[in-house]
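The values are calculated or read from the model by the stated rules, or taken from the named source; none is laboratory data. Being a predicted model, the structure only gives us computed values, none of them experimental. Every residue, glycine among them, receives a Cβ derived from its backbone with ideal geometry; neighbour counts consider all protein chains shown. We work out accessible area using only protein heavy atoms, side chains counted, and drop any ligands, DNA or RNA first. Shrake-Rupley method; radii C 1.70, N 1.55, O 1.52, S 1.80 Å.
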Amino acid sequence: MSQYLAIVATRNVDLSIERWLRQQSADYTETFRTSFGRDYSLTIVSRGIVDKVASDRFFVGVAVDAANNEIGFGLRGWQDMRASKEASNPMLGGGFLEMSWVSSTVLNFRRDFSGSLAVLETHGNGWHAFSDSMLVLASLRRHLGERISPNHEVLLARSRTLAITHQPMSNESIVDEVAFFPGGTAPQLVKDSLNRFRVEATRDDRRAGAVTSRAGYCEVMRRLATQIVGQAVPLSGAEISISLSGGQDSRLVLGAYRRAGSLDRIHVTSYGTTSETRPDFEVAKNLTRAFGISLNGSRGEAGADRHFRDSPLPLWASHHLGLYDRFLPGTRGIHANPLLVRADGTGAGLLKGAFGWRTLDGLDHRYSVEQVDAASDREVRHAALVSQLRKGMIAADIDPGSWNASEMHYASYRNGLHGSAGSVFTLLELRLVQQSAMLALSQSSESFAPEGSSITTGIADLLALVDPELAIYPFLDTTKNRTGEQISEVQERFGGPLQDSEIPAYSVYGVPADGASGPSEFALRVAESAGFGADGSAEDLLALSDKYATVFDDGPLRRVHARLRDIAGKQFAQGNLRADQVGPSLAKILTPGIFAF
């Protein structure tokens, strides 16, 4: 689903846009319209728009300010935060987007440093539009008679089933006429002297706070541990849900709430419904039993969910289609609960070296030699992949020759979209680990880590500081196990056990229900009118993909589509799986639907 659509248009174009909105049944509960100077109008579409707009700004989501120890839910919470009133401030966490228009000459965008709420931009003669939905922007372009051209390089690059290819890799998208803004950047729509608008990009200083010494490394680690615990505050009128696995990330989050004394408001879940998840479930079951924590219990005050659709397909298509290549939300995303806030370990990947701490040349070698492409069109696919990575690094101000270029690319592209893939449908999530200090650590030389630790042991070290008891409990991956003596050694490396006096006291503004959003009915109807209204069964989805295959002429894209369709079909047949349990091939073969309706 789409969280927002914003359009700045001349009066003449605005009439056509208004007809399009009426065709998709956009009503007053989701639409805000205002003059934007003498010749332009500003239109914003979002669910519950009245609670997201105040005079000269729009806000959706949850903001976290680690510099001032503040959390704000929704517009009301954001307005009470100091960061909302500051022209410049440290990079903010959470998952949010703000648009502001103090004058009729500039439309400013601001969002969390990871870019968890996507920003796509497209324009034509007399209009500019921004959204987190590729499908919505394609629908708008089609209504206005504008071109919608496949970007063959992007489509070929993203046709490989690699983690690095499951989301945009540059400021280009699968549609030639639609631009993508990576994490750390945001658009600014500026009017020039000829009364025309142009789009500029603002950029966070992602090198700010970079660690330059061993003492600095230890200081940032310790401060990060205290911030993680500080943000684990109980929330008035809401419960917090933690999905517990057998790994370190979710255990760090659980440890933060244990240390903060907030367990009475926590709903811990874990489910072993497949052969892949059963081992995680067993670890979670044994751990919660050992520490007296309820697992999969009743949600108490959270109550019933808000139901959106019977099928997940329109929700998925109106947001993830062409943007993130996994079929989510599955069954869980067709509903939301404004009184249940998810807390997870999103952001931990910043220290894990997912792409191997490599230069661009190193990535070139990895994906051509170490992870060989078996397709017949391997050479053209690989050339497209490397080209997209290079463009993406330049767009995000990353030196392609830097030793950590791969991980800075991860931070700018995959980190935000992958981390928010399951929660972007409601925006009700606290990402305790997703902090700018993590980005600072990820840029540190290995020589700055104290002996016995490294950047890649960062999450384990944080767990040892936050909750040593949970750190000692056995993991699913036995290589992660540590003894009590080893945990004590870790604590000493970073200045000893955390003291309660070090934990910052966070102020919470607004209530979770203020931050809860959900799919706009307008965007869901766009998806349904584009053919994404089926029930989401394997038969329906594969039939859609077969229809979309004809979008491409005979050539590499047609052959790649057939190969991916074969993979998805076999996964459905062999595993008796739901759509959200099938790999990225399913999402990739549905992507041509952007061009088909």
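Whenever a residue of the range 575-592 is among the hydrophobic types (A, V, I, L, M, F, W, C), its partners that are open to solvent by 10 Å² or more (accessible area, probe 1.4 Å) and assigned to a loop (DSSP other than H, G, I, E, B), lying with C-beta atoms within less than 7 angstrom and at least six residues away or across chains, give the pairs Ala579/Gly536; Ala587/Arg326. Would you confirm whether any residue within the range 416-426 is among the β-branched types (Val, Ile, Thr) and either at pLDDT 95 or above or in contact with a Phe, Trp or Tyr (Cβ under 6 Å, 6 or more places away or on another chain) (or both)? No, that holds for no residue.
If you take the residues in the range 430-487 that are among the aliphatic types (A, V, I, L, M) and open to solvent by 50 Å² or more (accessible area, probe 1.4 Å), which one is nearest to Tyr413 (Cα to Cα)?
In the first step, residues of the range 430-487 are kept if they are among the aliphatic types (A, V, I, L, M); the result is 430, 432-433, 437-441, 449, 455, 459-460, 462-466, 470-472, 476, 487.
Then keep just the ones that are open to solvent by 50 Å² or more (accessible area, probe 1.4 Å); that gives 472, 476.
Working: Ile472: 34, Leu476: 29 Å.
Only one residue tops the list, namely Leu476.
Out of Ser402, Ser412, Ser406, one residue alone is in contact with a strand residue (DSSP E or B) (Cβ under 9 Å, 6 or more places away or on another chain), surrounded by 15 or more Cβ atoms within 10 Å (Cβ to Cβ), touching a residue at least 12 places away in the same chain (Cβ under 8 Å) and hydroxyl-bearing (Ser, Thr, Tyr). It is Ser412. Restricting the first member to the range 361-375 and to residues that are within 18 Å of Trp403 (Cβ to Cβ), and the second to residues that are open to solvent by less than 60 Å² (accessible area, probe 1.4 Å) and of a type in the set (D, E, K, R), the beta-carbon pairs closer than 7 Å and six or more apart or on different chains are Arg366/Arg358. The set of residues from the range 358-386 being touching a Lys or Arg at 6+ places or on another chain (Cβ under 8 Å) and either closer than 16 Å to His561 by Cα or crowded, with 18+ Cβ neighbours inside 10 Å (or both) comprises Arg358, Leu360, Tyr367, Asp373, Ala375, Ser376, Asp377, Arg381, Leu385. Being over 16 Å from Leu470 (Cβ atoms) and either in contact with a Lys or Arg (Cβ under 7 Å, 6 or more places away or on another chain) or open to solvent by 10 Å² or more (accessible area, probe 1.4 Å) (or both) is the filter here; which residues of the range 236-249 pass it? Of everything in the range 236-249, those that are over 16 Å from Leu470 (Cβ atoms) and either in contact with a Lys or Arg (Cβ under 7 Å, 6 or more places away or on another chain) or open to solvent by 10 Å² or more (accessible area, probe 1.4 Å) (or both) turn out to be Ser236, Gly237, Glu239, Ile240, Ser241.
Scanning the range 107-142 for residues that are out of contact with any Phe, Trp or Tyr (no Cβ under 9 Å at 6 or more places or on another chain) and either assigned to a loop (DSSP other than H, G, I, E, B) or at pLDDT below 95 (or both) turns up Phe113, Ser114, Asn125. Among the residues of this structure, Ala157 does not count as one that is surrounded by 24 or more Cβ atoms within 10 Å (Cβ to Cβ) and closer than 22 Å to Tyr40 by Cα.
The helices (runs of 4 or more DSSP H) falling completely within the range 494-597 that include 1 or more residues that are open to solvent by less than 20 Å² (accessible area, probe 1.4 Å) and closer than 26 Å to Arg381 by Cβ map to 538-548, 556-575, 584-590, 593-596. For the range 160-185, the candidate set comprises residues that are small (Gly, Ala, Ser) and open to solvent by 10 Å² or more (accessible area, probe 1.4 Å); within that set, the residue that is nearest to Phe327 (Cα to Cα) is Ala163.
Taking the criterion of being in contact (Cβ under 8 Å) with a residue 60 or more places away in the chain, open to solvent by less than 20 Å² (accessible area, probe 1.4 Å) and out of contact with any helix residue (DSSP H, G or I) (no Cβ under 6 Å at 6 or more places or on another chain), the residues of the range 138-154 that qualify are Leu140, Val154.
Any residue at all in the range 375-394 that is among the hydroxyl-bearing types (Ser, Thr, Tyr), closer than 14 Å to Arg206 by Cα and modelled with pLDDT of 95 or more?
Looking through the range 375-394, none of the residues is among the hydroxyl-bearing types (Ser, Thr, Tyr), closer than 14 Å to Arg206 by Cα and modelled with pLDDT of 95 or more.
For the range 265-306, the candidate set comprises residues that are modelled with pLDDT under 90, small (Gly, Ala, Ser) and surrounded by 14 or more Cβ atoms within 10 Å (Cβ to Cβ); within that set, the residue that is farthest from Leu339 (Cα to Cα) is Gly272. For the range 134-156, a residue qualifies if it is within 20 Å of Asp14 (Cβ to Cβ) and out of contact with any strand residue (DSSP E or B) (no Cβ under 7 Å at 6 or more places or on another chain), and the qualifying residues are Ser139, Arg142, His143, Gly145. Of the strands (runs of 3 or more DSSP E) lying entirely inside the range 19-84, those containing at least 3 residues that are open to solvent by 10 Å² or more (accessible area, probe 1.4 Å), at negative phi and of a type outside the set (A, V, I, L, M, F, W, C) are 31-35.
Scanning the range 85-104 for residues that are among the hydroxyl-bearing types (Ser, Thr, Tyr), under 23 Å from Asp205 (Cα atoms) and not in a strand (DSSP E or B) turns up just one, Ser88.
One line per residue, one yes/no per condition, for (1) basic (Lys, Arg); (2) crowded, with 23+ Cβ neighbours inside 10 Å; (3) touching a residue at least 24 places away in the same chain (Cβ under 8 Å):
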site	(1), (2), (3)
Arg196	yes, no, no
Val199	no, no, yes
Ala210	no, no, yes
Arg251	yes, yes, yes
